Every structure is written in structure tokens, then in C-alpha cells.
Amino acid sequence: MQTFAEIAALREQIKQYKREGRKVAFVPTMGNLHEGHLTLVRKAREHADIVIVSIFVNPMQFERADDLNNYPRTLDDDLNKLSGEGVELVFTPTPDIIYPNGLESQTSVEVPVLSTILEGASRPGHFRGVATVVSKLFNIVQPDVACFGEKDFQQLAVIRKMTEDLAMDIEIIGVPTVREMDGLAMSSRNGLLTIDERQRAPVLARTMRWISSAIRGGRDDYASVIEDASDQLRAAGLQPDEIFIRDARTLQAITADSSQVVILMSAFLGKARLIDNQVVEMAVESKDDVNSEVSSESAD
């Protein structure tokens with residue numbers, strides 16, 4: 001396994017692979033790797049001859065300096081895990097490599113609508129930072145395939161739209177969320193939980209499943225469902241952040257034609273902000289009155 005911190009050296013090696021006719025898959029990460037990331041690596045291996053992973057904590061997508069500074073950095077352990085998966089190249093740039101002229105003068109990429117609704121409304125600039133760094137990494141690596149986790153549902157939608165709109169010849173593959181035995185979605189931020197918080201954290205996934213069952217059972221009073229779910233989270237000691245129930249394809253309000261809806265949830269627990277989502281299949285029915293507003297910010 002080779003590790004590169006400089007763009008030019010990485011590009012030269014990738015050009016060699018391309019000259020040999022080898023297909024390249026890319027997995028961008030921010031490090032602190034867990035089984036969820038390694039699942040992305042294995043999926044990438046299924047689709048290509050060469051797997052490249054980037055490890056870069058992107059300052060452009062963080063709102064708060066303390067959140068950026070507290071993000072776990074475990075490079076040596078990450079490299080050992082990637083070596084064990086047979087990854088060919090790892091790109092480990094520093095911020096001055098990715099943003100040599102600083103963030104203020106960096107050209108940015110913004111995907112309209114998808115970047116400013118739902119989580120984007122409460123975290124202004126977050127998805128601009130994601131789209132910008134992913135676009136730049138795509139330009140550096142020039143992959144044939146790129147793998148992203150479905151746990152970050154809105155992020156995946158933003159990246160798909162960006163790739164399509166900018167005519168990037170890259171296949172975007174969404175990989176299902178990997179969970180702990182108790183249902184908690186694997187996340188680098190889970191390491192911020194205390195022992196007690198870790199025991200309570202699976203309530204987020206259980207509450208999400210309750211919402212799914214309620215929807216399948218015919219409930220379409222979505223605002224009430226969201227409030228009931230928020231109460232369940234509070235009772236377990238979690239602080240509800242946002243809960244949305246939206247059309248899974250458009251992330252807009254559910255209509256009578258919505259065949260799939262997505263439950264998007266986030267909650268604070270100690271120092272960690274936990275996120276999760278679930279897609280629910282719906283029987284399409286003709287309805288005269290569909291509740292058009294199905295999202296609610298649930299923070300106290």
C-alpha cells in the first residue's frame with residue numbers, strides 16, 4: 001500500500017494505472033475508520049481493480065471550530081486497517097494542500113435546493129463544503145467509481161446531483177448503513193459517547209423503526225408522529241435535533257405519488273450528534289388531502 005500527501009505524486013501513480021487499463025474506485029473519508037468505512041472499501045473492490053481511499057478532515061464543512069478540532073484523528077490506526085483490506089493507495093493531504101490559498105478564496109461548489117433544505121437549512125454552508133471537497137478530490141483522483149454510505153442520505157443525494165449536473169463520468173454507488181449489534185448506526189462520532197451514553201444511543205434507531213411502523217400502519221399525521229418520536233427520544237435522555245419525513249427521491253414533501261419516503265433523524269447525546277435514516281416503501285394511493293408539510297425541527 002502506498003501513501004501520498006502530495007497531489008502531483010498521487011496523480012502520476014493513478015496515470016500509470018490508467019495506462020495499464022485498470023479501473024479505479026475511490027472512497028473519500030475523514031478518517032477514524034470503522035467497519036462502516038471498511039464496508040465501503042470492500043464494495044469498491046467489487047467494482048474496480050484499484051481502490052484509493054482519501055483521509056482528510058475537511059475544514060470547509062464544519063460550522064464550529066471546536067467541532068473541527070474535536071474530530072477524532074487516528075491516522076496510524078486507519079492506515080493499518082486499510083492495509084489489511086488490500087487498498088492500493090491512500091491520499092492523506094493536509095488543509096494547505098487542498099486549500100493552498102485558504103478557505104476564503106477557495107472556489108466553491110454549491111448544489112442548489114438539495115444543499116439548503118433539511119439539514120442544510122440548519123447547517124448553512126455544510127453541503128457547500130462537502131460538494132467542494134468531493135468535487136476537488138474527484139478531479140484529483142479521476143475515479144471510475146466512488147462509494148458513499150447511505151447513512152448520510154442527504155449528502156449522497158447532493159453528491160449524485162453534483163456529479164450529474166457537472167457531467168462527471170463517475171459511477172456513484174450508495175452502500176447500505178452498517179450497524180452495531182444493537183442497531184446503532186456505525187459512526188466516527190460514536191467514539192465521543194460515554195459508556196452510559198453508548199447504552200442509550202440505540203434509542204435513535206428504535207425510534208426510527210417506530211416511525212417506520214407508524215407510517216406503514218397508515219398514519220399520515222406526520223407532524224404528530226414526529227412529536228411522538230421526539231418525546232421518545234427525550235424520555236431516553238437524547239436531545240432531538242431534527243426529524244424529517246420526506247419523499248425519498250426528491251427530499252421534498254410527500255405527495256400522493258410518493259412511492260418511497262425517507263425518515264431522516266438526528267439527535268444530540270453528550271458531545272455527539274447522532275444521525276440515522278430509513279427508507280419506507282409506501283403503497284401509492286390517491287389522496288385528496290396529503291399533508292404537505294411533513295418536516296419539523298424538534299429541538300427544545
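Worth pointing out:
- Conditions (1) under 27 Å from PHE244 (Cβ atoms); (2) assigned to a helix (DSSP H, G or I); (3) modelled with pLDDT under 95: number failed by MET60: (3)
- Options ALA121, ALA157, ALA167: the member that is of a type in the set (Gly, Ala, Ser) and surrounded by 17 or more Cβ atoms within 10 Å (Cβ to Cβ): ALA157
- Pairs meeting the criteria (first residue in the range 77-96 and modelled with pLDDT of 95 or more, second residue acidic (Asp, Glu) and buried (at least 18 other Cβ atoms within 10 Å of the Cβ), beta carbons under 9 Å, at least 6 apart or on different chains) are VAL90/ASP78; THR92/ASP78.
- Restricted to the range 97-179, the set of helices (runs of 4 or more DSSP H) holding at least 3 residues that are closer than 18 Å to ARG249 by Cβ and among the polar types (S, T, N, Q) comprises 153-165.
- Within the range 186-203, the presence of at least one residue that is over 21 Å from the mean Cα position of the chain (by Cα), assigned to a helix (DSSP H, G or I) and among the aliphatic types (A, V, I, L, M) is confirmed.
- Residue check: ILE117 meets all listed conditions (1) at positive phi; (2) touching a strand residue (DSSP E or B) at 6+ places or on another chain (Cβ under 9 Å); (3) not acidic (Asp, Glu) but one, namely (1).
Here's the yes/no breakdown for (1) surrounded by fewer than 22 Cβ atoms within 10 Å (Cβ to Cβ); (2) basic (Lys, Arg); (3) at pLDDT 95 or above; (4) assigned to a strand (DSSP E or B):
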| site | (1), (2), (3), (4) |
| --- | --- |
| SER224 | yes, no, yes, no |
| PHE244 | no, no, yes, yes |
| VAL261 | no, no, yes, yes |
| PHE268 | yes, no, yes, yes |
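The values are calculated or read from the model by the stated rules, or taken from the named source; none is laboratory data. All figures in this text were calculated on a predicted structure; none of them were measured in a lab. Quick reminder, even Gly has a Cβ in these numbers, built from the backbone with ideal geometry, and neighbours come from all protein chains shown.
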